[in-house]
Every structure is written in C-alpha cells, then in structure tokens.
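Working notes, beginning with the structure itself.
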Amino acid sequence: MKNTLRNKTVVITGASSGIGEAMARTYAAQGARVVLGARSAEKLEQLTAAIRATGGQAAWCAVDVTDAAQCKALIDTAVQTFGGIDVLICNAGISMRALFDDVDLAVLHRLMDVNFWGTVNCCKYALPYVQASHGSIVGISSVAGLHGLPGRTGYSASKYAMTGFLETLRIENLKKGLHVMVACPGFTASNVRFAALTADGSQQGETPRNEEKMMTPEEVAGIVACGIRRRKRLCLMEIEGRATHFVKKFAPAFLDRMFYWVMSKEPDSPLK
Ligand code: NDP
C-alpha cells in the first residue's frame, strides 16, 4: 500500500480543507508531486509551504472550479511546474440541506456549478495530459451519488451527474489506457456540513451530525490512493457505502425507507 503515488503528479481540487487537504499531505508524504487548487489562496500557500518544509514537492493555484479559464490555469500550473499530469482528483465540492419544497432553485444551480461543472471543467483541460501518462481521473462523489439522499436533492443530483459524465469518459477512453474512478466516501469529518447551503443559499454554519463518529479525511485519502493503485472503477469505503451499493440492487424501496429514517433522525431534520 505504501508509496502508491510516488513520483506521480497529482492535481487535487478542493485541497484547502478536509479530504482534499488530507490527500495533499498524504500523497506528498508518499513521494507524489501535488498540485493544489481551491479558492482560498492563503490556505493553499500555507499548505504548499508545509509540504515543502518536510521535503515534499507541491505547487498551488487559486481556482474557482466553476470558472473554466481558472481550471485551465490550474492544469497549466501542473504542466509547467512538473511537466505533465498522472492523476486528476476532482474533489472540490459543496453540500446543502433543505427539502426541495422549500429550496431556492439558485441553490441547486450552485451545487451543479461547483460539483458537476467543476469536475467537467478540470477534466476538459487535464484530459490530454492524463491520456498521455495513461493515468487516472478520479471524481470524489458520495454515498449520495449511489442513492438519493433526502434533504440533499441538488447534492445527490450533482454527484449522479458526475458519475454519468465520468463513466462515459471511461468508455470513450477504453482503448487509450485511461483509468477513471468514482470514489464514494460516507460521512467524513470536515468543513462540508458547516459550509453546506440552506434553503435560501446561506451557509449552514454548523453540523447536524456528530463529526467525531465519522471517517477521518486521512482514512478517505488512504482508500482513494489504494483505489488508484488498483485502477478501480468504483471506490466504496465503509459499511454505509458498501451496504448502499449492495442493497440498492435487490431492495431499493427498503433503502428509500432506511435513508428517510436515518436522515429524519438528524436534529432539526427538514423531514417530518
Ligand atoms: P470541505 O468543505 O472540508 O472541503 C471542500 C473543498 O472544496 C475546500 O477545499 C473548498 O475550498 C473547495 N471548494 C468549494 N467550492 C469551491 C469552488 N467553487 N472552487 C474551488 N474549490 C472549491 O469538505 P470535504 O473535504 O468533506 O469535501 C470534499 C469532497 O468530498 C466534496 O466533493 C464532498 O462532496 C465529498 N464528500 C464529503 C463527505 C463528507 O462527509 N465530508 C462525504 C462524501 C463526499 P475553498 O473554500 O478554499 O474554495
């Protein structure tokens, strides 16, 4: 398992926090050259400095993934600094919490812009380089990309859209040695619930779940690296993801009820 990504150039979006930051630190420590993208320039600069201070190789580029030109600049940074790209990890993402009854449509547009279009934008410019290296494109989806998650219509839709896009990209590149993987973490302790959008588009600012009982971003980073090494199509993580994937095939209506029940137990759940 060790040194999985040694000597690989790995571009990671959403690297300023949570899972993206953990992937950056973990992979750099394994000997990867990491290229970090997110909007928070200061955090990326600090993370890059921290990685370099421990002997790692890193570069960064401030990028809003909803802007295609900025995604091109991120990819250009990787190519100019390290000469190519072996792995693109489309990880930048936001979530939401509101019933569709109540939500402003702008929230759903925002979810699609960041999670889906952010992935498409980065893939567009990285593709020739990852094709040339016979490397990997990874989308960080979610268990909500395996089955609809109530209160998260826009989130689930954006993750399903990522899967449709990435699956098609895989098939189009079947003869070109390109590896495409969809990774589906379950609940992972991070900033995602604090930054999640509510019905009116404001940030939730708190988490409705116990973050201490979740997977850590470092655990997710390790499992994703393993998936890349094994060139998996689908990377499931813990019991929630594996059970969802399995039960959906045989008892999808039961899964509907389970998802409703679990999410209705959250404090202040919008489910009645
Ligand atoms: P965090 O909120 O901790 O990190 C999200 C990252 O995305 C930040 O680095 C943020 O950086 C970046 N980001 C957000 N919007 C944009 C944008 N417009 N352009 C560029 N970067 C952006 O959450 P996680 O680490 O948990 O989330 C990472 C991925 O994992 C997401 O795709 C999420 O859907 C997925 N996931 C998370 C789960 C969880 O429970 N945590 C479960 C399943 C999947 P900045 O604000 O600096 O731009």
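Read through the list (1) within 16 Å of the ligand (Cβ to nearest atom); (2) at negative phi; (3) touching a residue at least 60 places away in the same chain (Cβ under 8 Å), then give the number of the only condition that Thr163 fails.
Exception for Thr163: condition (3).
List the number of the failed condition for Cys123; all other conditions in (1) closer than 23 Å to Ser156 by Cβ; (2) in contact with a Leu (Cβ under 6 Å, 6 or more places away or on another chain) hold.
All conditions pass for Cys123, except number (2).
Give segment 112-155 a look and list any residue that's in contact with a Lys or Arg (Cβ under 6 Å, 6 or more places away or on another chain) and open to solvent by less than 40 Å² (accessible area, probe 1.4 Å), or say none. Quick ask: steps written out before the conclusion?
If we filter segment 112-155 for residues that are in contact with a Lys or Arg (Cβ under 6 Å, 6 or more places away or on another chain), which is where we start, we get 125, 131, 141-142, 144-145, 147, 151.
Within segment 112-155, Ser141, Ser142, Ala144, Gly145, His147, Gly151 meet the criteria.
Out of curiosity, is Asp102 open to solvent by 60 Å² or more (accessible area, probe 1.4 Å) and at pLDDT 95 or above? Outline the logic, then answer.
Numbers: open to solvent by 60 Å² or more (accessible area, probe 1.4 Å): yes; at pLDDT 95 or above: yes.
The answer is yes for Asp102.
Among the numbered conditions (1) under 27 Å from Arg6 (Cβ atoms); (2) at pLDDT below 95; (3) of a type outside the set (D, E, K, R), tell me where Phe194 comes up short.
(1)
Failed condition for Arg33, given (1) of a type outside the set (A, V, I, L, M); (2) touching a Lys or Arg at 6+ places or on another chain (Cβ under 8 Å); (3) over 25 Å from Gly135 (Cβ atoms), with all others met?
Condition (3) is where Arg33 drops out.
Results for (1) under 30 Å from Gly145 (Cα atoms); (2) of a type in the set (Gly, Ala, Ser), shown as yes or no for each residue.
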| position | (1), (2) |
| --- | --- |
| Thr4 | yes, no |
| Val10 | yes, no |
| Thr13 | yes, no |
| Arg39 | yes, no |
| Arg52 | no, no |
| Gly56 | no, yes |
| Ala62 | yes, yes |
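Here's the yes/no breakdown for (1) in contact with a Gly (Cβ under 9 Å, 6 or more places away or on another chain); (2) under 17 Å from Asn91 (Cα atoms); (3) not hydroxyl-bearing (Ser, Thr, Tyr):
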| site | (1), (2), (3) |
| --- | --- |
| Gly154 | no, yes, yes |
| Arg170 | no, no, yes |
| Lys175 | no, no, yes |
| His179 | yes, yes, yes |
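Here are some residues: Ile89, Ile19, Ile94, Ile75. Which one is closer than 26 Å to Tyr129 by Cα, within 15 Å of the ligand (Cβ to nearest atom), touching a strand residue (DSSP E or B) at 6+ places or on another chain (Cβ under 9 Å) and open to solvent by 10 Å² or more (accessible area, probe 1.4 Å)? Don't jump to the end; show me each part of the working.
On the way: Ile89 fails: open to solvent by 10 Å² or more (accessible area, probe 1.4 Å); Ile94 fails: closer than 26 Å to Tyr129 by Cα; Ile75 fails: open to solvent by 10 Å² or more (accessible area, probe 1.4 Å).
Answer to the selection: Ile19.
Name the residue that is farthest from the ligand (Cβ to nearest atom), counting only residues in segment 55-66 that are part of a loop (DSSP other than H, G, I, E, B) and in contact with a Gly (Cβ under 9 Å, 6 or more places away or on another chain).
If we filter segment 55-66 for residues that are part of a loop (DSSP other than H, G, I, E, B), which is where we start, we get 55-56, 63-66.
Of the ones still in play, those that are also in contact with a Gly (Cβ under 9 Å, 6 or more places away or on another chain) are 56, 63-66.
Numbers: Gly56: 18, Val63: 6, Asp64: 4, Val65: 4, Thr66: 5 Å.
Restricting to residues being part of a loop (DSSP other than H, G, I, E, B) and in contact with a Gly (Cβ under 9 Å, 6 or more places away or on another chain), the top hit is Gly56.
Using beta carbons and a limit of 7 Å, which pairs, at least six apart or on different chains, have the first residue in segment 190-202 and under 23 Å from Gly20 (Cα atoms) and the second one within 8 Å of the ligand (Cβ to nearest atom) and assigned to a helix (DSSP H, G or I)?
Ser190/Gly18; Ser190/Ile19; Ser190/Pro217; Asn191/Gly18; Val192/Gly18
I need every pair where a residue in segment 145-157 that is at pLDDT 95 or above has its Cβ under 9 Å from the Cβ of a residue that is open to solvent by 30 Å² or more (accessible area, probe 1.4 Å) and polar (S, T, N, Q), sequence separation at least 6 or different chains.
Listed pairs, sorted by first residue: Gly145/Thr163; Leu146/Thr163; Pro150/Ser264.
Tell me, please, whether a residue that is assigned to a helix (DSSP H, G or I) and farther than 24 Å from Ala15 by Cβ can be found in segment 205-223. Full working, then the answer.
Restricting attention to segment 205-223, the residues satisfying the condition of being assigned to a helix (DSSP H, G or I) are 211-213, 217-223.
Checking the rest, the ones that are also farther than 24 Å from Ala15 by Cβ come to 213.
Within segment 205-223 (the criterion being assigned to a helix (DSSP H, G or I) and farther than 24 Å from Ala15 by Cβ), the answer is yes, since at least one residue qualifies.
Do you know which residues across segment 22-54 are more than 9 Å from the ligand (Cβ to nearest atom) and among the hydroxyl-bearing types (Ser, Thr, Tyr)?
Thr26, Tyr27, Thr48, Thr54
So for segment 236-248 (the condition being of a type in the set (S, T, N, Q), touching a Gly at 6+ places or on another chain (Cβ under 7 Å) and touching a residue at least 60 places away in the same chain (Cβ under 8 Å)), does at least one residue qualify? So that I can check it myself, show each step before the final result.
First, pick out the residues of segment 236-248 that are of a type in the set (S, T, N, Q): 244.
Remaining after also requiring touching a Gly at 6+ places or on another chain (Cβ under 7 Å): none.
Among the residues of segment 236-248, not one is of a type in the set (S, T, N, Q), touching a Gly at 6+ places or on another chain (Cβ under 7 Å) and touching a residue at least 60 places away in the same chain (Cβ under 8 Å), which makes the answer no.
The values are calculated or read from the model by the stated rules, or taken from the named source; none is laboratory data. Please read these numbers as outputs of a predicted model, since none were measured by experiment. Counting neighbours? That spans all protein chains shown, and the Cβs are built from the backbone with ideal geometry, glycine included. Note: accessible area is taken over every heavy atom of the protein model, side chains too, but ligands, DNA and RNA are not part of it. Shrake-Rupley method; radii C 1.70, N 1.55, O 1.52, S 1.80 Å.
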